[in-house]
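Heads up: the structure comes next, in structure tokens.
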Amino acid sequence: MKYINKRLTMEKVNFQRIAKKFGTPFYCYSYSKLKENVSNFKKNFKSFSPLICFAVKSNTNVNLIREIKKFGLGADVVSLGELMMAIKAGIKPNKIVFSGVGKTSSELNFAINKKILLINAESLSEIMEINRLAKLKNKKVRVGVRLNPNTDAKTLNQISTGKKENKFGVNKNTFHKIVDFCKSSKNIDLKCLSVHIGSQILDHRPYGKMLKAVSHILDKTNHQFEFIDLGGGMGINYSDKNKELNYKKYNTAINNFLKKHKVKIIFEPGRSIIGNTGILISKVIYIKDSGRKKFIILDAAMNDLMRPALYGAFHMTLPVIKSSKISNKPYEFVGPICESTDKFITLKKFQKLEENDLIAICDVGAYGMSLSSNYNLRPKPIELLIKGSKINVIRKRQKYTEII
Ligand code: LLP
């Protein structure tokens with residue numbers, strides 16, 4: 001994305017042109033950025049060619065998943081809906097892993113019938129349930145067990161998952177109990193140990209600790225696992241201040257791990273694949289001067305993009321048409337929703353805006369549209385995929401007739 005003749009442009013189309021054609025707000029994704037991200041991810045770990053399962057929860061658009069599938073990725077899903085969506089996008093069941101702390105019997109039944117690669121169980125009770133269902137069908141089901149390695153991912157508390165106080169995975173003792181049970185069962189084929197310590201991780205050291213914890217437990221377990229699923233969590237650069245994750249060091253740590261343990265690695269990345277490919281474009285409806293600051297009231301709101309309201313997340317915000325005039329007061333960018341948390345960002349300095357101007361909220365490809373809702377009975381925005389100079393509608397704007 002760059003400014004060409006002062007107009008913010010993605011690949012070969014400028015957002016002003018798109019807004020005229022499709023209205024606002026809209027989500028827009030870059031195909032070439034997606035391709036580049038996948039290729040970088042593969043390069044970073046090419047020494048051991050992992051199975052890369054895209055975390056569908058980060059973006060559930062079937063057309064984007066279809067493109068991701070064409071790059072050879074599988075899927076990590078956490079619900080029946082996501083499993084069905086991955087299959088609809090053409091991902092082969094033998095490249096799908098199913099995570100989640102509360103899979104219901106009907107979700108498990110569907111996964112067993114589809115013969116997906118792995119059901120990653122997160123409790124002894126879930127293993128018992130898989131065993132019961134598999135026995136009824138007289139089948140042997142491939143499972144993984146998610147270990148809670150009690151590792152602090154040094155990320156936001158709300159998206160940390162690998163500490164013992166988090167609900168995810170099982171502790172060491174339960175892990176060993178589950179292994180013993182699986183070995184005694186005719187209907188369970190224990191193939192994988194899985195971990196996922198959190199999201200938006202920018203420090204490689206927690207991954208190192210996680211690998212140590214996994215290595216330690218493997219040493220104590222008398223079972224040959226075929227796969228180790230290391231989850232996702234690789235962070236992206238939301239602001240210039242943020243540092244990048246050191247993939248080289250993470251890769252080295254995994255290579256050292258693999259010298260000792262002969263297993264195949266699975267990853268479940270979401271954000272690092274899709275996060276920086278997407279942008280949300282919104283129009284300024286009104287500008288309200290409140291004395292010390294001005295409210296820039298947008299036509300996008302927290303229902304379209306939850307991350308700032310939910311986590312205080314920072315998203316770079318840019319004007320769609322650049323000018324050199326600077327505002328005389330700080331700007332607070334807000335949506336029209338009846339909640340004080342319906343606010344995207346406050347910026348001390350921004351170029352002077354007028355009503356009807358367009359602004360761009362960046363890096364919203366992951367957990368943007370997938371976390372959106374119809375709160376305040378607002379229809380969900382349209383999604384577009386840009387390929388060079390082509391604009392493809394990949395999900396239509398929701399109609400009022402669909403929600404009323
Ligand atoms: N695998 C499992 C088991 C997960 O729970 C997650 C994310 C991932 C993989 C993918 O993680 P990623 O590579 O995208 O970091 N809504 C939050 C993020 C929640 C992540 C939940 N789990 C946000 O907007 O930052």
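Taking first residues from the range 279-302 that are outside the structural domain of P381 (by TED's automatic domain parsing) and partners that are exposed (fewer than 15 other Cβ atoms within 10 Å of the Cβ) and of a type in the set (D, E), no Cβ contact under 6 Å between residues at least 6 apart in sequence or on separate chains turns up.
Elements of the type helices (runs of 4 or more DSSP H) sitting completely within the range 14-96 and holding at least 1 residues that are within 16 Å of the ligand (Cβ to nearest atom) and at pLDDT 95 or above: these cover 31-44, 62-70, 80-88.
Of all the residues in the range 290-306, those that are surrounded by fewer than 21 Cβ atoms within 10 Å (Cβ to Cβ) and part of a strand (DSSP E or B) number 3. Restrict the check to the range 341-353 and report whether at least one residue is of a type in the set (D, E, K, R), within 23 Å of I287 (Cα to Cα) and in contact with a helix residue (DSSP H, G or I) (Cβ under 9 Å, 6 or more places away or on another chain). So far as the range 341-353 goes, yes, one or more of its residues are of a type in the set (D, E, K, R), within 23 Å of I287 (Cα to Cα) and in contact with a helix residue (DSSP H, G or I) (Cβ under 9 Å, 6 or more places away or on another chain).
Answer yes or no as to whether A309 is in contact (Cβ under 8 Å) with a residue 24 or more places away in the chain, within 23 Å of R395 (Cβ to Cβ), not in a helix (DSSP H, G or I) and not β-branched (V, I, T). For A309, the condition - in contact (Cβ under 8 Å) with a residue 24 or more places away in the chain, within 23 Å of R395 (Cβ to Cβ), not in a helix (DSSP H, G or I) and not β-branched (V, I, T) - is not met.
Within the range 381-390, the set of residues being over 17 Å from I65 (Cα atoms) and either outside any loop (DSSP other than H, G, I, E, B) or within 22 Å of the chain's Cα centre (by Cα) (or both) comprises P381, K390. Considering the range 149-167, and only residues there that are without any contact (Cβ under 8 Å) to a residue 24 or more places away in the chain and of a type outside the set (D, E, K, R), the residue that is nearest to N113 (Cα to Cα) turns out to be N166. Considering the range 213-244, the residues that are surrounded by fewer than 21 Cβ atoms within 10 Å (Cβ to Cβ), of a type in the set (V, I, T) and not in a helix (DSSP H, G or I) include one that is farthest from the ligand (Cβ to nearest atom), namely T221.
The values are calculated or read from the model by the stated rules, or taken from the named source; none is laboratory data. All of these numbers come straight from a predicted model, not from anything done at the bench. A quick note on method: Cβ atoms are made from the backbone with ideal geometry, for glycine too, and the neighbour counts reach across all protein chains shown.
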